[in-house]
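Just so you know, all these numbers are worked out from the coordinates, no wet-lab data involved. Everything quoted here is computed from the prediction, not taken from an experiment. When we count neighbours, we look across all protein chains shown, and the Cβ atoms used for this are built from the backbone with ideal geometry, even at glycine.
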């Protein structure tokens with residue numbers, strides 16, 4: 001992964017945006033889902049089926065989760081807006097201790113925190129980095145395969161974590 005890249009996706013941890021960007025946010029999940037479906041964008045939104053983000057949006061609409069992040073991503077995605085991302089982890093999410101609202105415990109998203117200065121250089125032309133998009137897709141496929149999910153469920157069961 002390059003040090004920095006553009007992609008039609010943004011993580012919900014350690015992110016920032018400008019005040020002017022909030023004009024793009026649509027809190028109406030139903031309207032966003034309709035735009036994704038009408039534009040035949042759901043498969044691409046789901047990283048070619050590697051992760052069911054459309055399902056997450058549907059569950060938000062149904063009140064089964066309260067994710068603002070899925071609506072933020074859908075808002076940007078339907079408007080074809082790119083997000084600047086770092087190729088190395090600059091944040092460490094410690095929220096998987098079982099106390100969170102939408103997830104349980106586990107080390108699925110554990111990463112090594114990059115502590116050095118990250119060079120930020122002008123990216124030209126401003127286009128989606130398809131290699132980075134493919135890397136995301138590959139990661140989602142690996143972590144969301146039937147086998148990977150089964151192993152995580154067995155580990156949680158053995159630890160007594162029945163909520164996640």
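At full extension, residue 145 and residue 128 could sit 3.6 nm farther apart than now, given 0.36 nm per residue minus the alpha carbon distance. Inter-label distance, residue 84 to residue 30: 3.7 nm, where each label sits 7 Å from its Cα along the C-beta direction. The residue 66 and residue 117 beta-carbon pair, evaluated with R₀ = 45 Å, returns a calculated FRET efficiency of approximately 0.80.
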